[in-house]
Structure formats: C-alpha cells, structure tokens
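> Here it is, the structure in full.
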Amino acid sequence: MKLHEYQSKRLFARYGVPIPRGDVATTPEEARRIAARLDQRVVIKSQVLVGGRGKAGGIRLASDPDEAEEVADQILGMNIKGLTVKKVLVDEAADIATEIYLGIVIDRAQRRPVMMASAEGGVEIEEVARATPERIVRVTIDPFLGLQTYQGRELAFGIGLPKDLVRDFVKIAQGLYQAFVESDASLAEINPLVVTGQGKLLAVDGKVLLDDNALFRHFELAEMRDADTETLEEQEARRHGLSYVKLDGEIGCMVNGAGLAMATMDIIKLNGGEPANFLDIGGGAQSEKVAAALRIILSDANVKAVLFNIFGGITRCDEVARGILAALDEIGSDVPMVARLVGTNEEEGRRILAEAEMMTAPTLAEAAQKAVAAARGEV
C-alpha cells in the first residue's frame, strides 16, 4: 500500500524528521486560506500516487494567496497518468541550496534493511544507480541493533555532507529508520532531503510503501488507503480477503495458494492461452468467499473461460464447489468453466459439479487444455 506524499511526511515528522509547514486542500479556496496562513511563497503539489508529477505540471510555485488559489484551481482535476488530482499539498517553499537522497528498503538477499544516501537528490534513485552507482552510499542494518550512529555518520561523510550538518543528518536517518520499522514498511524515502539556504536539513518530499500483510497492526495507516488507485475488482477482492491482480488474457483463474496460482498461469500459457488474472482464494476458503471470487472473475468482459484449480488441504473441495454454484445461480453466466479439484472431499466436490454439468479434469494439464479449448470455442 502506498502513502501519499503528505501522509508520508506526516509519518516522518512523528519521528523527528523536519518537514515544511503546510496542509492539504481539496478546493482552490482552501489552498488560498492555507497560503495566507503560511504568509510566504508556497509550492502547490498534486497528491496522486504516480511519479512524474512535476513534468506533468502537477507541482508549481505560487508567490501569494491569490496565485495559490489560481494554481490550485488549475491542478485540481488534472489527469496525471490516469489518476485525477483530488487533493493538493500547499507547503511553504523551501530555499533549496542542495538536494540529497535518503531512503531505506529491504534487501532480500541479505534479509536485512539497507539504508542508502546520495548527493544526487531530487532525481529517481534508479537512474542514479544505473548511470553513476558509485554516487550511492549504502549501509546494512542489523535488525536487532537498529541503525547505529556510526552508520549514519558513514552515510553523511560518504555523500560529502558538511560537518556541521552531520549530527542533524544522523537524527533524521535514525528517525526514518524508526518510521520504517514501526510502520512495517517495505520502502521509506526522502527525495529530496534538502539543505536550505539557512543551512538546515528539510524533508520536502516523502514516499512510503507499506506491507499489506502487516496492516492489521496499523489501523490508522490502513485507513489512509487511496481507493482511487484500485479497480473496483481489486477493492472487492480486498473486502473479501482475496489476492487478485487483473491481467490481459482471456482465461479466468481461481486457485488456492499463490505458488499454485503461478503454476496454473504458467501451464495456461504453455498450452497457448493467456491468463486473465491472478486470484488466490487462500486456505480455508468458504463457499461465500469462493462465490465472491467468481463474481470478480466474471466481471471481466475479456474472460472467455474459467479454470478452477483447487488443492483441498485446509480448503474443502465440496465447499469450493458449492461456492461456484452459488455464484452461478446469482450471476447466471454462460462462460464455459473447467474444474480440477484434488484433496479433501474431492469426490463430493466433483459430484456437485458433475450434477451441474460442469467440465472437470483429474490433472492440471488436462484442465488447462480444456480451458484453452473452451476459450477458443472448440468445446
């Protein structure tokens, strides 16, 4: 789950990271009032969860409240990479002397957090890594010890930060690390962290990616989710605890288990078809959850066939079968379907589907072949 810039910076501020004064506006009039309260030049920043806002005209300066209202009126309602701007952040404009990058991610190879810093701030760190990787300084963090002071100094000296800013930089780095850990983030970055003309460090932009699997521990963060970044199908899947990703193919897939779902998509492609989605109903799915999953799959107009691949361990095959038929009774779809049910209560599950005259298959290979043929209208 992504946080907006203003949400990320407010999170950082809780841990002592200095951020500009400002507030969020949803109307031009609100932007005017915020600018008047700040009583100085401001920057109006579109709040959408995509990159390239500046290049699209979604970040602009305003010298007074009148101009702030005018600029906000122009930015609100803009379409930036398919997302409509509904909020703008009105921040005091920083007197920027130098821009720095500071971020932290999980290094899966080392199984530890890694903090990175670069004197090349304000640009995409991926581009810096590609063109001038030597400009990125990294430290690996022991999760039992946390970010140590000497590691923060190592980053500061590595990017050539003036000595009088090292102590403040270390405090910001440690605050960023605490925000990262305590919010169960997979990424937290300040880009740029600027040195102002007054010789102070200020986080003028922020980005946080949260681990969806840990959101049950962070209700206040979960409530920050921007539903505009999700399709209606993705929102419905999340409400029912389903893992769903829409793809561009024509064969809908309902599987229990992420690895089995990946294998199912692979074998569909091996047989000349294209999967329309990744959908994992998880373990122990009851008939109501299965019915919800099938409704989501069939809401895709591109789906010409559906393949069910269920391994009945915790999930009972008969429950899955009842869920399929319950959804079909509600939706009334004529899309051909193929089911492969193996495991707990598989005989009962197959019997239920056979009575409903649904195609079944004893193996995944045969089920995939039948699904591909059905999508082509060959059965």
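The values are calculated or read from the model by the stated rules, or taken from the named source; none is laboratory data. In this text the structure is predicted, and so the values were computed from the model without any measurement. Neighbour counts are summed over all protein chains in view; Cβ atoms, including those assigned to glycine, are modelled from backbone coordinates with ideal geometry. Just the protein is used for accessible areas: all its heavy atoms, side chains included, with ligands, DNA and RNA removed. Shrake-Rupley method; radii C 1.70, N 1.55, O 1.52, S 1.80 Å.
> Can you tell me which residue within the stretch 228-280, out of those that are part of a strand (DSSP E or B), more than 13 Å from Leu298 (Cα to Cα) and open to solvent by 50 Å² or more (accessible area, probe 1.4 Å), is modelled with the highest pLDDT?
Among those that are part of a strand (DSSP E or B), more than 13 Å from Leu298 (Cα to Cα) and open to solvent by 50 Å² or more (accessible area, probe 1.4 Å), it is Val245.
> A follow-up question, please. Evaluate the following for Glu134: is it more than 21 Å from Arg14 (Cβ to Cβ), modelled with pLDDT under 95 and part of a helix (DSSP H, G or I)?
Spelling it out, Glu134 is indeed more than 21 Å from Arg14 (Cβ to Cβ), modelled with pLDDT under 95 and part of a helix (DSSP H, G or I).
> Within the stretch 222-258, work out how many residues are in contact (Cβ under 8 Å) with a residue 40 or more places away in the chain and among the small types (Gly, Ala, Ser).
Total satisfying the criteria: 6.
> So in the stretch 34-69, with the set limited to residues that are of a type in the set (D, E, K, R) and crowded, with 17+ Cβ neighbours inside 10 Å, which one is modelled with the lowest pLDDT?
Arg53
> I would also like to ask the following. Across the stretch 124-137, what is the number of residues that are within 15 Å of Lys207 (Cβ to Cβ) and open to solvent by 70 Å² or more (accessible area, probe 1.4 Å)?
The number of residues fulfilling the criteria is 2.
> Let me ask you something else. Within the stretch 4-27, how many residues are among the aromatic types (Phe, Trp, Tyr) and either without any contact (Cβ under 8 Å) to a residue 12 or more places away in the chain or outside any loop (DSSP other than H, G, I, E, B) (or both)?
2
> Follow-up question, since we're still on this one. Looking at Arg225, Arg217, Arg238, which is the one that is within 30 Å of Ala371 (Cβ to Cβ) and among the charged types (D, E, K, R)?
One residue alone meets the criteria, Arg238.
> Let me ask you something else. For the list (1) of a type outside the set (Asp, Glu); (2) open to solvent by less than 60 Å² (accessible area, probe 1.4 Å); (3) more than 34 Å from the chain's Cα centre (by Cα), I need the number of the one condition that Arg350 fails.
Of the numbered conditions (1) of a type outside the set (Asp, Glu); (2) open to solvent by less than 60 Å² (accessible area, probe 1.4 Å); (3) more than 34 Å from the chain's Cα centre (by Cα), the odd one out for Arg350 is (2).
> Okay, moving on. Output the residues belonging to the stretch 281-324 that are aliphatic (A, V, I, L, M), part of a loop (DSSP other than H, G, I, E, B) and either in contact (Cβ under 8 Å) with a residue 60 or more places away in the chain or crowded, with 24+ Cβ neighbours inside 10 Å (or both).
Answer for the stretch 281-324, where residues must be aliphatic (A, V, I, L, M), part of a loop (DSSP other than H, G, I, E, B) and either in contact (Cβ under 8 Å) with a residue 60 or more places away in the chain or crowded, with 24+ Cβ neighbours inside 10 Å (or both): Ile281, Ala285.
> Go through the stretch 68-120 and report how many residues are more than 30 Å from Glu154 (Cβ to Cβ), part of a strand (DSSP E or B), free of Cβ contacts under 8 Å to residues at least 40 places away in the same chain and not polar (S, T, N, Q).
1
> Something else: How many residues does the stretch 141-157 hold that are open to solvent by 50 Å² or more (accessible area, probe 1.4 Å) and in contact (Cβ under 8 Å) with a residue 12 or more places away in the chain?
Looking only at that region, the number is 4.
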